[in-house]
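See structure below.
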Amino acid sequence: MRFSQARLLAWREVLARHKTLRGIGKNSILVDRGESGYRNQFDAQGQIIYQGEGQSGNQLPVGGNQILLQALERRKKMWVYLREAPNVWRPLGRYRVVSVEYRLDPEKSRYVYFFCLRSGNPGQLALQGQRRPLPSVTKAV
């Protein structure tokens, strides 16, 4: 089964695995299509361009950004969960951070990390920002 077709999860289930309310955990990353204020981008090859942590001032290599920089250096795979709707998350599988750019975001006049995440799952469906049909979510007990 492809991860993009895996059973959807409630937030409670994701939080039990992710273990933080922040978007970047020690072993996992939460992505969405802008609902959080971050502009993640999904390309036709199944890659995700993930903005670093910090919404004001220049982003720094601390916290979640440091976790992703270390994941790049160590070639560590991270679990990725996509927010499909309120309280509905799709596990996408394990991704690697394959590159990073630290560049000026002209809209906000500040420097931001842009991490490129690539799926480690053969046959991963390209997301391209489109929502998939939502089957019912199994609630955590």
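The values are calculated or read from the model by the stated rules, or taken from the named source; none is laboratory data. Here the structure is a predicted model, which is why all the values come from computation and not from measurement. When we count neighbours, we look across all protein chains shown, and the Cβ atoms used for this are built from the backbone with ideal geometry, even at glycine. Each accessible area value is taken on the protein alone, full model and side chains, heavy atoms only, with ligands, DNA and RNA left out. Shrake-Rupley method; radii C 1.70, N 1.55, O 1.52, S 1.80 Å.
Just to verify a result, which residue in region 10-31, among those that are open to solvent by less than 60 Å² (accessible area, probe 1.4 Å) and in contact with an Asp or Glu (Cβ under 9 Å, 6 or more places away or on another chain), is modelled with the lowest pLDDT?
Step by step, filter region 10-31, then rank; the result is GLY23.
Could you please tell me which pairs satisfy a Cβ distance under 6 Å, a separation of 6+ or placement on different chains, a first residue in region 77-92 that is over 14 Å from GLU13 (Cβ atoms), and a second residue that is aromatic (Phe, Trp, Tyr) and assigned to a strand (DSSP E or B)?
If the second residue must be aromatic (Phe, Trp, Tyr) and assigned to a strand (DSSP E or B), the pairs left are MET78/TYR95; VAL80/TYR95.
Name every residue in region 65-82 that is under 26 Å from TYR111 (Cβ atoms), surrounded by fewer than 20 Cβ atoms within 10 Å (Cβ to Cβ) and of a type outside the set (A, V, I, L, M, F, W, C), in order of residue number.
Within region 65-82, GLN66, GLN70, GLU73, ARG74, ARG75, LYS76 qualify.
In the set GLY37, GLY46, which member is on the phi > 0 side of the Ramachandran plot and either out of contact with any strand residue (DSSP E or B) (no Cβ under 6 Å at 6 or more places or on another chain) or open to solvent by 50 Å² or more (accessible area, probe 1.4 Å) (or both)?
On the way: GLY46 fails: either out of contact with any strand residue (DSSP E or B) (no Cβ under 6 Å at 6 or more places or on another chain) or open to solvent by 50 Å² or more (accessible area, probe 1.4 Å) (or both).
It is GLY37.
Filter region 37-63 for residues that are touching a residue at least 40 places away in the same chain (Cβ under 8 Å) and hydroxyl-bearing (Ser, Thr, Tyr); which is nearest to GLU107 (Cα to Cα)?
For region 37-63, the residue satisfying everything is SER56.
Looking at (1) open to solvent by less than 20 Å² (accessible area, probe 1.4 Å); (2) modelled with pLDDT under 95, find the lone condition where GLN55 falls short.
In the conditions (1) open to solvent by less than 20 Å² (accessible area, probe 1.4 Å); (2) modelled with pLDDT under 95, GLN55 misses (1) alone.
When residues of region 109-141 are filtered for being over 21 Å from the mean Cα position of the chain (by Cα), in a loop (DSSP other than H, G, I, E, B) and at pLDDT 50 or above, how many remain?
Counting residues in region 109-141 that are over 21 Å from the mean Cα position of the chain (by Cα), in a loop (DSSP other than H, G, I, E, B) and at pLDDT 50 or above gives 1.
Applying the selection to region 16-36, what residues are in contact (Cβ under 8 Å) with a residue 40 or more places away in the chain, farther than 13 Å from MET78 by Cα and among the hydrophobic types (A, V, I, L, M, F, W, C)?
ALA16 - this is the single residue of region 16-36 that is in contact (Cβ under 8 Å) with a residue 40 or more places away in the chain, farther than 13 Å from MET78 by Cα and among the hydrophobic types (A, V, I, L, M, F, W, C).
Here are some residues: ARG90, ARG96. Which one is open to solvent by less than 40 Å² (accessible area, probe 1.4 Å), of a type in the set (Lys, Arg) and part of a strand (DSSP E or B)? First the steps, then the outcome.
Numbers: ARG96 fails: open to solvent by less than 40 Å² (accessible area, probe 1.4 Å).
The match here is ARG90.
Answer with yes or no whether ARG7 is open to solvent by less than 60 Å² (accessible area, probe 1.4 Å), of a type in the set (Lys, Arg) and assigned to a loop (DSSP other than H, G, I, E, B).
Values: open to solvent by less than 60 Å² (accessible area, probe 1.4 Å): no; of a type in the set (Lys, Arg): yes; assigned to a loop (DSSP other than H, G, I, E, B): yes.
Considered against the rule, which asks whether it is open to solvent by less than 60 Å² (accessible area, probe 1.4 Å), of a type in the set (Lys, Arg) and assigned to a loop (DSSP other than H, G, I, E, B), ARG7 comes out as no.
Quick one: which residue in GLN59, GLN45, GLN55 is closer than 13 Å to LEU117 by Cβ and either in a loop (DSSP other than H, G, I, E, B) or of a type outside the set (Ser, Thr, Tyr) (or both)? First the steps, then the outcome.
Values: GLN59 fails: closer than 13 Å to LEU117 by Cβ; GLN55 fails: closer than 13 Å to LEU117 by Cβ.
Just a single option satisfies the conditions, and that option is GLN45.
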